[in-house]
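Undergrad: Dropping a structure here in structure tokens format, bear with me for questions.
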Amino acid sequence: RARPYTDFSLAPLAAEPARFALVVGAGFSAGVVPMVHELLTRTIGDYYFPDQDQSSVERPDDVRSSDSAAFWQEFNQAAVRVGEVALPLDGAGHPQSPGEAYQRLFAYRVVSAMFGGPGAPVTRGEHFLRGFLRYLLEPGSQAGHGSTGRSALNDAHLYLAALLEAQQSARGWPLAPFCRTIFTTNFDTLLPTALQVMQLQARITDRPERGIDAEDLQAPEGPVHLVYTHGSILRYNPASATTELDELAARNVEVLYDYLRARDVLVVGYGGWGDSLMAALSRGGDAGRVVYWCGVRD
């Protein structure tokens, strides 16, 4: 007959290691946070041409579209002034390539010229665009009001949180834990909010510019660990510019690779652009390691 376990000095530090690591990108927040296309064809116009009467009623879609087109017309005029090639626009006056437009936008140089001429410091564009991200993710903060970010959740957030709650409580969960570490490229607070709905508290790492600590990743598994690889809106350190992402990759790729190479990885809603996570995944992994990439593109 099995003897009851009573030698607590030999007790394991954590349950069996989780089977997967999870990588969550912008697509995971679809329907709640605007995706890049909506961001550049609707939201940017809302922010650049604010509602003067402070109405809480959302402006008509055609107004937001035309305001965004006006923004891109001014952007291209500023690009020419600083010696850059204008962005190709479609028939509606929006960028033909949202990805290229996003990267050009967050290079800050052209946007700075929109506000201060060709010699304007890039900090002017950076200030404008950081306010834009707060406007997008943390309503009211760009006007000096406090908030903890958007609170609406989609089905993906709720399903993942319910799955993690079942795993963490072990009630009716006969399997080994499937995931305790979630890497996200998003800046929003939706994942912590979803976990709180299920009364789960997570460990959070959200200062990637200081370097992700290998000991934090390799600590005995217990609570769910959320790792913001691009920063967080609540830290005011979101990285969007190519140079910012390159700096984070140079700082963190080794520790991310060392963690991800030995685990199967679930990737959901992440486009795989040039950043620290993609650099780590691109190096491959240990024999038998599998990456499951779930997306809507080819």
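Undergrad: Name all residues of segment 82-109 having a backbone nitrogen under 12 Å from the label point set 7 Å from the Cα of R235 along its Cα→Cβ direction, giving them as ranges.
TA: none
Undergrad: Can I ask one more? Can you send over the carbon and sulfur percentage of the accessible area for segment 153-211, probe radius 1.4 Å, protein chains only?
TA: That fraction is 54 percent.
Undergrad: OK, next. Once you have a ≥ b ≥ c as the square roots of the Cα gyration tensor eigenvalues for segment 178-253, tell me rounded if a/c is under 1.5, and otherwise prolate or oblate according to whether a/b is larger than b/c.
TA: It comes out oblate by the Cα gyration axes.
Undergrad: Let me make sure I get this right: for segment 36-124, a, b and c are the square roots of the gyration tensor eigenvalues over alpha carbons, sorted descending. Under 1.5 in a/c it's rounded, otherwise prolate if a/b > b/c, else oblate. Which is it?
TA: oblate
Undergrad: May I pose another question? If I take R0 = 30 Å and measure r between the Cβ atoms of W273 and L89 in this structure, what FRET efficiency does the formula 1/(1 + (r/R0)^6) give, to the nearest 0.05?
TA: Using R0 = 30 Å, I get an efficiency of 0.85.
Undergrad: Separate question: When N counts the residues of the chain, how does its alpha-carbon radius of gyration compare numerically with 2.2 N^0.38 Å, as a ratio?
TA: That ratio works out to 1.13.
Undergrad: Given a 1.4 Å probe, how much area per residue of the chain is accessible, in Å²?
TA: For the chain, the solvent-accessible area averages 52 Å² per residue.
Undergrad: Apply the Karplus parameterisation 6.51 cos²θ - 1.76 cosθ + 1.60, with θ equal to phi minus 60°, to every residue of segment 172-180 and state each ³J(HN,Hα) to the nearest whole Hz, in sequence, with x for glycine and proline.
TA: So the J values, rounded to whole Hz, are x, 10, x, 8, 5, x, 8, 7, 10.
Undergrad: How much mean residue ellipticity at 222 nm does the chain get from its helices, if each DSSP H run of length 4 or more adds -39500 (n - 2.57) and you divide by all residues, to the nearest 500 deg cm²/dmol?
TA: -11500 deg cm²/dmol
Undergrad: How many angstrom lie between the C-alpha centres of segment 81-111 and segment 210-246?
TA: Distance between centres, Cα-based: 29 Å.
Undergrad: How would you rank 194-204, 110-120, highest first, on the average number of other Cβ atoms within 10 Å across their residues?
TA: Highest to lowest by the protection proxy: 110-120, 194-204.
Undergrad: If I stretch the segment between F115 and A30 completely, what's the gain in nm (0.36 nm per residue apart, minus their alpha carbon distance), one decimal?
TA: 27.4 nm
Undergrad: Which FRET efficiency value, to the nearest 0.05, is calculated for S282 and A219 with the Förster distance at 22 angstrom and r the Cβ-Cβ distance?
TA: The pair S282/A219 has a calculated efficiency of 0.30.
The values are calculated or read from the model by the stated rules, or taken from the named source; none is laboratory data. For clarity, every value in this text was computed on a predicted model and none was experimentally measured. Note that each Cβ is placed from the backbone with ideal geometry, even for glycine, and that neighbours are counted across all protein chains shown. Just so you know, the surface numbers come from the protein's heavy atoms only, side chains and all, with ligands and any DNA or RNA stripped out. Shrake-Rupley method; radii C 1.70, N 1.55, O 1.52, S 1.80 Å.
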